[in-house]
Every structure is written in C-alpha cells, then in structure tokens.
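Nothing in this text is a laboratory measurement; each read-out follows from the coordinates by a stated rule. Please read all numbers here as calculations on a predicted model, not as lab measurements. Note: ideal-geometry Cβ built from the backbone for every residue, glycine included; neighbour counts use all protein chains shown.
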Amino acid sequence: MGDKAKIYLGTSGFSFSDWIGTVYPEGIKKSEMFDYYVRNWKFNALEVNFTYYTFPSQRTINSLLKRSPEGFCFVFKAPQEITHKLWKEDNIEVLKTISKDFLNVLKPVKEFRTLGGILLQFPYSFKKTQDNFEYLKNLSIAFESEVELFIEFRNRVWANRETIDFLKENELSYVTVDEPKIDGLFPYVPGFTTQSAYFRFHGRNNNWFEAKGSERYDYFYSDDELKRFADDIKKILNKVKKVFVFFNNCHNGSAVKNALSFSGFLT
C-alpha cells in the first residue's frame, strides 16, 4: 500500500453576497473575504469559478497568490468557450489558442503556489458521441499536457465503463459529482482515472432544472450524507496521490458549513 493521498479541501468560489451574515461576519468587505477564507476557515484549496465567465487579470492572480499561504492549491474552471461552445464547432485551432492563452494567465500560480489543474464542467447537452470523444481527446493536445484536466459530466449517458476507460487511456481525470437524483443527471459514482481523485458536491435540490441562479445549489448536506462521502474517500486514500474535495452547494453559505463539518469526518 502506498502513502496516503494529500487532501485538498475547499469550496467552489468564496465571494458571495449571501454568505455575509451567514458564514462571513456582517460588514465584511468583498476585498476581505479571501483572507477570511484562508485564515479563519483554514481551507487549503479553492476552486476558482469566475474564470468560466472571464479570464482573470494579472492583478487578480497576483492578489490571490500574495494572500494565500505556501502550498495553497488553486483549481480554475475552464472558460465557457471551451466547455459550452467549441465542441459544437469542431475548431481545434481556436481551442488551442484559447487554451494556450488561459495557461499563460495561470503561469504565476504554477510557479508560486500549487496549480491543482483545470476543471472542465460540460453541460447536460454534451452527449456521448464519437465527435465529443474526439473533442475530449483534443483537450489534452490543446493544453499540451501542461496541467491536469478534470472532466465533469452532467448527462447520465456518460456514466459507464467506456467513459472511464477512455479517460484513463487519455490521462484525463474523472470528476465524481453528487447532485440531485433526477433522471438524466450524472449519478454519484465514486472513482478516479488518474493519480488524482476529484469530488464535487452540488447538493440535492430536486428543483435543479427549474431553480434560478444560485438557488439550484440550495441544499444542506446532513452529517449522515457527509459521513458516507468521507467513507468513500477514505477507501481510495492509498490508491491515489491527491484528492480534491469542493463543495458547490453555495447558496446561503451551506458549502462552507458542510466543508468544515466534512473535514472532521475524514480523520
């Protein structure tokens, strides 16, 4: 048996107005939130989600690096062009350009902190077709294997052995997701396809398809649910080198509360 894996734990984002007065103190400024995230909650990782909408400025990257401790791990969500648009257009040259530009922006993270990788969250409309398998393969080419790529599926059609074998063969990391048990959504199937395991907990709001904005993630996990997740992770700690755990049930700060409780169940 190998050494136990390094566990990186945090939330998907940290700057939410509805966290003020629920998990952040009243009156906190947005500029103070990341400091509070690191110093008070002592999370050792952050999933940066705003990069889905826009590239981060060098100023923003430098600020995160300056205010995070040595060894702090960042995972960045891929731009929406990569996960929601380009697979429909079959244009690998544009994919290569955007991927290269994104990697260049993240270079300082790789140099001065821990760049865990890039999360690619594909939409429900991303179906299991030969063209989409090819697109996933092209991702490794576009990113030139310079960073670990974490692949998250929303559609249940990807939940099978063929997908797992494909991800292993192409050194793409599978993302274990927990989300509502609704027909069509990807089920909770713990696993890994590289030396990194990645868990994302979205909550189990059954109004998933009807909810607006952050209300989709309005769910608070019970201790029993968290213990089950912790047990699943404990089973693989000797089989991988790293485990990433991010809570994305961000509505009203539930992600923070659940992540803090979850850390206790891992011991």
**Report entry** Extension reserve of the LYS96-ILE141 stretch, reckoned as 0.36 nm per residue once the Cα distance is removed
**Finding:** 15.4 nm
Query - Distance between modelled label sites at PHE265 and ASP183, nm, 7 Å Cα→Cβ extension - result: 3.0
Query raised in the report: How many nm is it between the label spots at ASP18 and LYS66, if each spot is 7 Å from the Cα in line with the beta carbon?
Result: 3.2
Report summary line: Residue-normalised 222 nm signal for the chain, counting each DSSP H run of n ≥ 4 as -39,500 (n - 2.57), nearest 500 deg cm²/dmol, is -10000 deg cm²/dmol
Report task. Please give the contour-minus-distance gain from LYS257 to LYS110: 0.36 nm per residue of separation, less the Cα-Cα distance, rounded to one decimal in nm. Result -> 50.0 nm
Requested in this report: Quick one: go through the range 217-237 and flag any residue whose amide nitrogen is under 12 Å from the point 7 Å out along the Cα-to-Cβ line of ASN206.
Outcome: none
Query raised in the report: Calculated FRET efficiency, GLU215 and ARG39, Cβ-Cβ r, R0 30 Å, to nearest 0.05?
Result: 0.50
Requested in this report: For the range 6-265, give the magnitude of the charge dipole about the Cα centre (Cβ charges: +1 Lys/Arg, -1 Asp/Glu; no others), in debye to the nearest 20.
Outcome: 560
Query raised in the report: Where the only charges are on Cβ atoms (+1 Lys, Arg; -1 Asp, Glu), what is the dipole of the range 179-257 about its Cα centre, to the nearest 20 debye?
Result: 460
Requested in this report: Return P(r) of the range 6-265 (all Cα-Cα pairs; 10 Å bins starting at 0; whole %; ordered from short to long distances).
Outcome: 7, 31, 38, 22, 3, 0
